[in-house]
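In what follows, a structure is listed as structure tokens, so that the remarks can point back to it.
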Amino acid sequence: MINIVEWSAAIAAAWALAYLRAPLRLWTALALMALALWTFLDKPAAAALFIAWGIFVLLVVPLNFTLLRRRLISDHLLRLYRGLMPTMSQTEREALEAGTVGWDGELFNGRPHWKKMLTGPAPVLSAAEQAFLDGPAEELCRRLDDWRITHEDYDLPPEIWRFIKDNGFFAMIIPRRYGGLEFSALAHSAVVMKIASRSMTAAVTVMVPNSLGPAELLLHYGTEQQKSHYLPRLARSEEIPCFALTGPDAGSDAASMPDNGVLCRGNFQGKDIIGIRLNWEKRYITLGPIATVLGLAFKLYDPEHLLGDKEDLGITLALIPTQTPGISIGRRHIPLNAAFQVGPNYGADVFIPLEWIIGGPERIGQGWRMLMETLAAGRSISLPALSAAAGKTACRATGAYARVRKQFKMPIGYFEGVEEALARMAGTTYMMDAARLVTANMVDRQERPAVISAIVKYQLTEAMRRVINDAMDIQGGSGICVGPRDLLGRAYQALPISITVEGANILMRSLIIFGQGAVRCHPFILKEMQAATDTDRRRASKNFDRALFGHIGFTLSNTARSLFLGLTGGRLASTPGKGPLRRYYQRLTRLSAAFALTADAAMLTLGAALKRKEKLSGRLADALGHLYLASTVLRHFRDQGQPEVDLPLVQWACENSLHQIQVSLDDVLRNLPNRLAAWKLRLLIFPLGKPYAPPRDTLGHAVARLVLEPSEARDRLTAGIFVPSGTDEPLGRLEDALRKVIISSEAEQKLRRAVKQGRISEAPLDRLLDQALQRGVIDAREATLMREAAAARKEVVKVDDFPADLDGEKKP
């Protein structure tokens, strides 16, 4: 009989093989060896031998001989799979296949190779890019007056428009051979972030032509003739571009787009040609009211079969001068008092030649894929830069305010309730900046991270909302009273804009991140789906068999890995080197395996129904999102040279993400319809309970203190925003007051001790200082420092006021 030691050894060997993802042939060889040893050493009965070897042969032969395996197993499952596979629209298929897979694939794999995340030098701007940031971008920020823009002019002033155009702000992504700046994604992000820290209106105005717009589409898909004509004109700002996608009846649901073009014959510039007659109604089009050239998405039809047998040709993109007959530019929208140009436009029987299709007639029907691939710029670069700018500005301003502002004779930043909010702000901002930089670096490496771009769009805009809300809570009245002195009011007002654009956040979380990621990033799902739709039966059988058995091995591996890593707390997982962050790498490796197993279980038990289980999909998206965010934090810390003083920020961000991943997976398990599967998953994923808690209060205290005083850590956290040097600006006044309060703090402590000792009595500041001077508690220099700090504090606490009837003021 097989004794308990032999059983334990067999189980341990199988577990190790699964954990290490050993190939099937190695499983077979070791099983054969174990069976042979048992046969010769234990000398079992003939009946037991017959049964054991019979089972071995029945399993090994079909599993190791692929032709037999396909006929006995895979082909039958392929037919079943085809019946169960959810229907998919063409737009869904194109969205799933768009972009590239990188680190998101590693996280979905359950066994992330950290060297892939950490490989390569830290991202750095070129000399030309840094000069632009220090020169034109800095000067633009100095010239911007956001109160005038949003309250008086409801637009950028003419001199600002001219400065933006003359200095090539609209040409950052255009190659130098066409007259552009040819900046990296990192530089693009840095410029947008700096401007956004000064004025959201100016930032949006600059970022739109450099993200989802005609220039981006032309660069990737345009014909040489289109590039040669439009790119130099766009670089010189002779053309102002916009892109018209969203309409009243079709926002995220592009398949329902009613805007259409019909192929027909018509007269264009005196010639009879085959062209497109367009009709559309679009809205929310940024720069639309002032655009001279309009990118348009529409459904193209060929009812007369002028180009072939197919009638519905699919979503197509064209570039159309706005002066073309039939185009009407509507009036402006006013999105939450932000003053960037945005509005509707319409087309009625607009006739254009086929050559105006972006990429020419060969690109007919490829519009949705083109859009999905170029959306990565807006999602990966512009919106993360906008979010990071808000976080950095809030941390620098509100941190200073919390140190300068006093209540109950103590800086409000020292109250634990305020400290808790400051810690959230600083830790979240560190995470946002890490994700911004790492993702921009991916784009610079020629990746088109479709799923990651959706993650950073959703996670960073939501993080921005939390940071600004915390800042408003801390600043109270000084935050809600809008006016020239207010830094937060307009940012708070405009928050929902970023939440809404480039894919509404509710949709992004509940449908796109995991829905696209499960197919695109999973190592086998897309291969299985492609095999199931392949009309070549032999090729489909081969590919499905390979994907299916790879998938089975993958799931077995993540089952073993989840349990082992759960029992050991991930302590034996390999990490890139040693140091204070080693355990975070191990914990993320553990949760990656747990996520991959949970995702597979959800897809297996729910099948096509998972597409409709948006709450579950959203929780899985949250888990994947925080796996990515924590990964970027670790990479960012390494890129910055691992300064020890920044460790509290890194630890807070990682511990927050670990807890959020745990909460998300736990919520999936609590709500998975198949309760037996959920119970088994819980045993595998959390065998010893849920180990991760939110960041401790002591850690939050350390993080909050970093933003309450001038320091290198505070400067690194808020690097890249515009910090005015004069006290005529809100942030400049805060910086001045913080410096003066810190310098006078020693004198303030002397006064406090003297009052406590009874040497001087409590009194208003001027009288208190007179007493202190008379009794030698402080000297004249210290008294001057105290008076200067008090005056600076008074300036910071002031808020704007206006006449009761707002006479002479435009109504906000």
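Remarks
- Close amide H contacts of Tyr284 (hydrogens built in the peptide plane, cut-off under 5 Å, sequence separation of 5 or more or a different chain): Gly343.
- Peptides ranked, highest mean first, by Cβ atoms within 10 Å: ranges 731-744, 8-21, 625-638: 625-638, 731-744, 8-21
- What the range 212-360 shows is 41 Å² of accessible area per residue, with the surface traced by a 1.4 Å probe over protein heavy atoms.
- For the range 650-754, diffusion coefficient by Stokes-Einstein and Kirkwood Rh (Cα), 25 °C, 0.890 mPa s, µm²/s: 135
- Which of Asp800, Asp312 is most accessible, then next, and so on - probe 1.4 Å: Asp312, Asp800
- Largest first, the three principal axis extents of the alpha carbons in the chain are 108, 88, 45 Å in whole numbers.
- For the range 369-455, the per residue solvent-accessible surface stands at 25 Å², with DNA, RNA and ligands left out and a 1.4 Å probe.
- Using θ = phi - 60° and Karplus 6.51 cos²θ - 1.76 cosθ + 1.60, couplings along the range 714-728 (whole Hz; Gly, Pro as x): 5, 5, 5, 4, 9, 4, x, 8, 7, 10, x, 8, x, 8, 8
- Amide H contacts of Thr100 (H built 1.01 Å from N, under 5 Å, at least 5 apart or other chain): Arg448, Ala450
- Heavy-atom accessible area with a 1.4 Å probe sorts Met257, Met603, largest first, into Met603, Met257.
- Rounded accessible area of Cys521 (nearest 10 Å², 1.4 Å probe): 10
- Amide hydrogen neighbours beyond the local backbone of Gly295, cut-off 5 Å, H modeled: Cys242, Phe243, Ala244, Ile320
- Descending by average beta-carbon neighbour count within 10 Å, the peptides 31-39, 498-506 line up as 498-506, 31-39, the highest first.
- Karplus (6.51, -1.76, 1.60) ³J(HN,Hα), θ = phi - 60°, over the range 519-525, in Hz, Gly and Pro reported as x: 8, 6, 9, 5, x, 10, 4
- Share of pairwise Cα separations in the range 57-216, more than 25 Å, in percent: 59
- Each residue of the range 686-697 was assigned a 3J(HN,Hα) from its phi angle through the Karplus expression (A = 6.51, B = -1.76, C = 1.60, θ = phi - 60°), giving 10, x, 10, x, 8, x, 9, 10, x, x, 5, 4 Hz with x at Gly and Pro.
- Sulfur and carbon atoms: percent of accessible area, the range 152-227 [1.4 Å]: 47
- Shape descriptor for the range 309-422: Rg over Rh equals 1.27 (Cα atoms; Rh from the Kirkwood inverse mean 1/r).
- Surface/4 estimate of mean projected area, convex hull on alpha-carbon atoms of the range 235-346, nm²: 8.4
- Cα centroid of the range 264-301 to Cα centroid of the range 555-597, whole Å: 54
- Evaluated at q = 0.20, 0.25 Å⁻¹: base-10 log I(q)/I(0), Debye formula over Cα of the range 461-522: -0.77, -0.98
- In the range 660-735, the portion of solvent-accessible area held by carbon and sulfur atoms comes to 52 percent [1.4 Å probe, whole percent, DNA, RNA and ligands not counted].
- Normalised contact order of the chain, rounded percent, pairs of Cα under 8 Å and 6 or more residues apart: 15
- Segments 197-206, 553-562 sorted - mean Cβ within 10 Å per residue, highest first: 197-206, 553-562
- Carbon and sulfur %, accessible surface of the range 436-548 computed with the full protein complex present, 1.4 Å: 53
- Accessible surface, 1.4 Å probe, highest first, among residues Phe340, Phe415: Phe415, Phe340
- Placing one equal scatterer on every Cα of the range 670-812 and applying the Debye formula, the log10 ratio I(q)/I(0) at q = 0.12, 0.13, 0.17, 0.20 Å⁻¹ is -0.76, -0.82, -1.07, -1.18.
- Converting the Cα gyration tensor eigenvalues of the range 596-657 into ellipsoid dimensions via √(5λ) gives semi-axes, longest first, of 34, 10, 8 Å.
- Taking every protein chain into account, the accessible area of the range 16-174 amounts to 55 square angstrom per residue (probe 1.4 Å).
- Each Lys or Arg adds one and each Asp or Glu subtracts one; over the other residues with Cβ under 9 Å from the Cβ of Gly347, this totals -2.
The values are calculated or read from the model by the stated rules, or taken from the named source; none is laboratory data. Nothing here was measured: the structure is a model prediction, and the numbers come from that model. Please note: Cβ atoms are built from the backbone with ideal geometry, for glycine as well, and neighbour counts cover all protein chains shown. Areas reflect the complete protein model, heavy atoms only, side chains present, ligands, DNA and RNA absent. Shrake-Rupley method; radii C 1.70, N 1.55, O 1.52, S 1.80 Å.
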